[in-house]
Structures are given as structure tokens and as C-alpha cells.
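Student: Here it is, the structure in full.
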Amino acid sequence: MDLTDFGAGAQYIAGRCSRGDGDPFQVVNPADGSVVEEVALASTGQVDEAVAAARAALPQWSGATPGARSEALTRLAAVLTDAAADLARVETAQTGKPIKLSTEFDVPGTIDNTAFFAGAARHLEGKAAGEYSGDHTSYVRREAIGVVGSVSPWNYPLQMAAWKVLPAIAAGNTVVLKPAELTPLTSLMFARACTLAGIPDGVVNVVTGAGRVAGEHLVAHPDVAMVSFTGSTAVGRRVAELATSTVKRTHLELGGKAPFVVFDDADLDAAVHGAVAASLINGGQDCTAATRAYVQRPLYDAFVAGVAELYGAIRLGDPLDPRTDLGPLVSFTHRDRVAGFVERARGYATVVTGGAAPDRGHDGSDLTRGAYYRPTLITGAAQDSEVVQGEIFGPVLVVLPFDSDDEGLRLANDTPYGLAASAWTGNVHRSLRATREIAAGCVWVNDHIPIISEMPHGGYKSSGYGKDMSQYSLDEYTQVKHVMFDTTAVARKDWHRTVFGDR
Ligand code: NAD
């Protein structure tokens, strides 16, 4: 099966491609505005079909042994490995991310995740069986929840699809995934790879539709037992409301505004290079990207100068060119949204570098047809200003000074978000304090961005709750049942006297 043959349509239901019944939609390459694929969005009826397919597949899949599910995921890792080059090319075409990122991060990360969950499927954990009451033997079953409705964003389409689907199916659930309408193609490829790996029809279904139509219908669907969502905090609230009305379990991975705290003993060169990489990864369209650098006063000027210099050397260009550091943002609309933050900031802060769409790439190529935006460094913004508090989701870093350690840590915690953060220092006490006091689901020390399959990813505060990746995510996608056996074989049990009669 050619994973890139989307000819039959953009829905993947019960192991088959079909055309959407909804509105036509063009998947656009933001590097030049060309159409990558014409698709038709899913209707609510097709969401119903996908949920029915997932429901029908549930008894067999949840009843399969962990070993059988593990083998299927091992085969999936092999299929994805064979398709790695195609996956990277399509991911870059639909998002505009540099091919070196797709090739070295998105695709191998997804394959590693698949291999991890192939192993994790066989390691569901629970309390030991035992006689906790003296008159009973208790044990715990960790069971699949049912049909999981997953909704994913456009920034890392393949990885986000994998983060949602893999732990769910490793634990025996079946899934209907609704990827972001801008970037459905690698999620469809992932679902087709599942079929190629021998995962039964209906275990993984993809409906590519509009958030308000297919997304809301999926989240509210009475046959969906759990909703897992990755996206903005605003939409996450709406998803939670819809899911609450039918008492579904929810898993929400939402927005971020990661602080990057540089103490005065930090290795300045490491902090500058780290800030540039962590703020520009994926064009800054990364929920954990460094967005607010707080730099202790003695290092502040040198840090700003160092970042500005490296920003100036970033190679913007065709994302398929392996030398390109920064491609376009995901869409023209999103580029204009990012530019809007910067334009408004000019009224109250200083744009040190960037703040404009480039005309020419690093090789002289014309970039005016793409959704490009220069790396942008802002200083002089107040802590309560929009660029410091709001999620810009673009190649924009705001730098603010601080004096005492107390102040730096207080400012780091001073947004509604709490997804990720980093502390830069050579002092063990400072780093321990920062990792303890910063309220975020991940705190790096002297680095910012790396993730690994074995460790959990997820937010605090308005960044949501629930963990992706790692053994912790299997807990999210399973429910725990207590089974209690009487061991006495006594008809008139001692405890009955608390309800009737005497001893
Ligand atoms: P978004 O919230 O606009 O959309 C996310 C998904 O929700 C899309 O599939 C969209 O179609 C769907 N959707 C939109 N409205 C809906 C509705 N009313 N009901 C159901 N579904 C609906 O987010 P985005 O712009 O695609 O992605 C960027 C956001 O995702 C950022 O806020 C970023 O921080 C966040 N994100 C978070 C993580 C994390 O792990 N916490 C990871 C990646 C991205």
C-alpha cells in the first residue's frame, strides 16, 4: 500500500479510505501557497460511521493479549520506518517545517514512540493482589476504557496523532482521531500504516473535518467513552464542556508559554544557543517552545546581543532544502496573527530584530509567496503585557531582566500556563529550587526542548492535565477495576450486624 495515495479520499474508516461528505478543503503548502491535496471534510454522519467502526472493533481488540497488541505495534514501527522518507516529505509539505526537523525529529520520534508502546503494552501496572480485609482476596484489573475520541493540532501532526493513538490502542481501546483540518495527511498515512501492520480494521479511524462540526460531534458522541485533546486552551475548555455533559473521561494537553530562566552564574554561550534553538524550533509553533526569557541583570545585555546576533544568521528558505533553518509558519492566517502580536507590541516594547516577513531566503530565493516571518526578539515589555502573557505560537522571544532569584522564579510562574520551563545555572541549589518551585509539567536544567518516550509530557494550570508518552499515559487510557472475592464461605458474615441483627 502506498501510504501517500490519498486518491480515494480523506477519511479512513474501518480500514478503508473514503471521500468526505462535507465541504471541499484544500491542504495548502505554506511555503508557496500551492495545493498539496484536495480533500473533502467529514460530515457528522461520517463521524458516526467511524465511531460505529471503533465500537465494533472493540471486543476483539480489547480482548487480544497484551503480547498480540505489542506484536502489532512492533510491526507498525517497521512499516513507519519503511515509510519514513514519505512521512517526512508530506509532513513538511503540509506544515512548512524544515525537512531536517521532519526527518530527524518528527518521524524518528514517532517511530521511537511506537516501539516504546509496543513494549509498554505488556507492562500494565497495578497493586498486588492480596487479603487486604482478612476475609477477602482483592485484585485489580486494568481495563480499556472503550472508544476514544482524539482531537489533534497542526503543529506536529504526525507526532500528535501518534501520542494520542499509541497509548490508547496499546491499552486495548479503539480510536477515532480528528486531526487539524489544515494538516490531515500524515494522520491518514499513520492510520493506513496501522492497517498495513495488521492492526484490525476499525481500531484506528481518522475523520478529517472541521473542529466545530466533526470535532464537536466526536467529543459529544454518546458512544465515545473518553476524549483526548491536544490544542489551544480556549478550544480545550469547549471540549471539556461538551465531554462533561456525557461524563466522559478527558485528557487535555493545552497551550503553553514556557519561561526560560537564566541565572547570573549560567554558561552564557549555552543559554544563548539554547534560547535560539528552543524559541525557533518548528517556527516557534511548539507548545513547549521558549517564549519568555528572564535573564538576571548581570547577563542581560550580553544575552540580548547574543540572541539577536544568532537570529540574524538564521537561514530562512524552502523547507525542502536541507540547509533551511526556518521555513514558513503553518498558514498565512497564522503568520498574520503572529505579526499582529508584534505590531501591537511596538506600542509598548522594543522590537530588537525581526518583526517582518522576509522577501528573500538565505539563497536569494523569493519568499513573498510563503507564510514566512523573521525570528523576532522583543525587549522592554511589561510582565502583564500581551506578548509576555499570550501564546503567540511563532518565532518570537521576549526577554526581560530580573534581579533576585525570588523575582526570577515569581515571574516565571506568572502566566496562566504551566506546560514547560527551563532553568540555566551551574549552581545545584539554584537548579533544585527552580525545579521545585516552577509550576510546570516539565522543567529542564541547562537545556530546553528534548523529549523522550519514557518520560511523561503534560501540563499544570491552564496547560491542561493528563500525560502523553511514558507509562503514565497508559494509566490515562485505562480504568481500574477492583475485584473482591469472599474467602470465608460463611453465609452469615460478621459485618452484617452493622445492618441487621447482633453478633
Ligand atoms: P486548536 O485548539 O485551534 O485546534 C486543535 C484541534 O481542535 C484541531 O483539530 C481543531 O480542528 C479542533 N477544534 C477546533 N475547535 C473545536 C471544537 N469546538 N470542538 C472540537 N474540536 C475543535 O489548536 P491548533 O491551533 O491546531 O494548535 C495549536 C495549539 O495547540 C496551541 O495552543 C498549542 O500550545 C497547543 N498544543 C499543545 C500541546 C501540548 O502537548 N500541551 C502540543 C501541541 C500543541
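Student: Per 5 Å bin, what percent of the C-alpha pairs of region 2-110 does each bin hold, from zero upward?
Tutor: In order of increasing distance, the bins hold 2, 11, 14, 15, 19, 19, 13, 5, 1, 0 percent.
Student: Moving to a separate point now. So who's got an amide H within less than 5 Å of the one on Val28, skipping anything under 5 residues away but keeping other chains? H placed 1.01 Å off N, in plane.
Tutor: Result for Val28 returns Val36.
Student: Now, a different point. Between Met455 and Asp23, what is 0.36 nm times their sequence separation minus the Cα-Cα distance? Round to one decimal in nm.
Tutor: Stretched out fully, the Met455 to Asp23 stretch lengthens by 151.5 nm.
Student: With a Förster radius of 22 Å, plug the Cβ-Cβ distance of Asn427 and Ala277 into 1/(1 + (r/R0)^6) and report the FRET value to the nearest 0.05.
Tutor: The calculated FRET efficiency here is 0.45.
Student: A further question on this structure: Would you tally the net charge around Pro401, using a Cβ to Cβ cut-off of less than 10 Å, leaving Pro401 out, and scoring K and R as +1, D and E as -1? Please list the in-between numbers first.
Tutor: Details: positive: Arg297; negative: Asp301, Asp403, Glu407.
Within the 10 Å Cβ shell, the charges total -2.
Student: Now a separate question. How tilted is helix 185-196 with respect to the longest principal axis of the chain? Cα atoms for both, answer in degrees (0 to 90, nearest 10).
Tutor: Tilt relative to the chain: about 40 degrees.
Student: Further, regarding this structure: Relative contact order, percent, of the chain when contacts are C-alpha pairs under 8 Å separated by at least 6 residues? List each step's numbers first, then the result.
Tutor: Numbers: 1166 pairs, mean separation 89.2, N = 503.
Relative contact order of the chain: 18 percent.
Student: With the contact rule set at Cα under 8 Å and sequence spacing of 6 or more, what percent relative contact order holds for region 394-467? Don't skip to the end; give the middle numbers.
Tutor: Values: 90 pairs, mean separation 23.1, N = 74.
Reported as a whole number, the value is 31 percent.
Student: Here is a further query. Please give the helix 268-280 orientation as an angle from the longest Cα principal axis of the chain, in degrees from 0 to 90, rounded to the nearest 10.
Tutor: With rounding to tens, the tilt is 70 degrees.
Student: In whole percent, what relative contact order does region 1-115 give with Cα contacts below 8 Å and a gap of six or more residues?
Tutor: Details: 120 pairs, mean separation 25.1, N = 115.
Taking the mean separation of contacting Cα pairs over the length of region 1-115, I get 22 percent.
Student: Taking θ = phi - 60°, what integer Hz values does the Karplus form 6.51 cos²θ - 1.76 cosθ + 1.60 yield along region 319-330, in sequence order, with x for Gly and Pro?
Tutor: x, 7, 7, x, 7, 5, 8, 9, x, x, 6, 5
Student: Classify the chain as rounded, prolate or oblate, taking a ≥ b ≥ c as the square roots of the eigenvalues of its Cα gyration tensor: rounded when a/c is under 1.5, otherwise prolate if a/b is larger than b/c and oblate if not. It would help to have the intermediate numbers written out before the result.
Tutor: Details: a/c = 2.16, a/b = 1.35, b/c = 1.60.
It is oblate, given that a/c is not under 1.5 and a/b is not larger than b/c.
Student: Once the Cα gyration tensor of region 202-259 is found, what semi-axes does its equivalent ellipsoid get, as square roots of 5 times the eigenvalues, in whole Å, sorted largest first? All intermediate terms of the calculation are to be shown ahead of the outcome.
Tutor: Numbers: eigenvalues 80, 38, 25 Å².
Its equivalent ellipsoid spans semi-axes of 20, 14, 11 Å.
Student: Using a Cα-Cα cut-off of under 27 Å, which lysines could be cross-linked to Lys97, ignoring same-chain neighbours fewer than 8 residues away?
Tutor: Lys164, Lys178, Lys257, Lys467
Student: Which far-off residues, 5 or more places away or on another chain, put their amide H under 5 Å from the one on Cys442, with H placed in the peptide plane?
Tutor: Ala420, Ala421
Student: What ranking, highest mean first, results for peptides 106-115, 67-76, 182-191 when packing means the other Cβ atoms within 10 Å averaged over each residue?
Tutor: Values: 106-115: 21.9, 67-76: 18.8, 182-191: 27.7.
Listed from highest to lowest mean packing, they are 182-191, 106-115, 67-76.
Student: Going by alpha carbons, how many degrees (0 to 90, nearest 10) lie between the helix axis of 332-345 and the longest principal axis of the chain?
Tutor: 60
Student: Residues of region 313-334 with backbone nitrogen within less than 16 Å of a virtual label 7 Å along the Cα-to-Cβ line of Arg360, please, listed as ranges.
Tutor: From region 313-334, the list is 313-318.
Student: Taking the beta-carbon count within 10 Å as an exposure proxy, list Trp154, Trp424, Trp444, Trp163 from fewest neighbours to most.
Tutor: Working: Trp154 19, Trp424 31, Trp444 22, Trp163 27.
So the residues, fewest neighbours to most, are Trp154, Trp444, Trp163, Trp424.
Just so you know, all these numbers are worked out from the coordinates, no wet-lab data involved. The shown structure was predicted, so the numbers you read here are calculated from the model rather than taken from an experiment. Cβ: placed from backbone, ideal geometry, glycine included. Neighbour counts: every protein chain shown.
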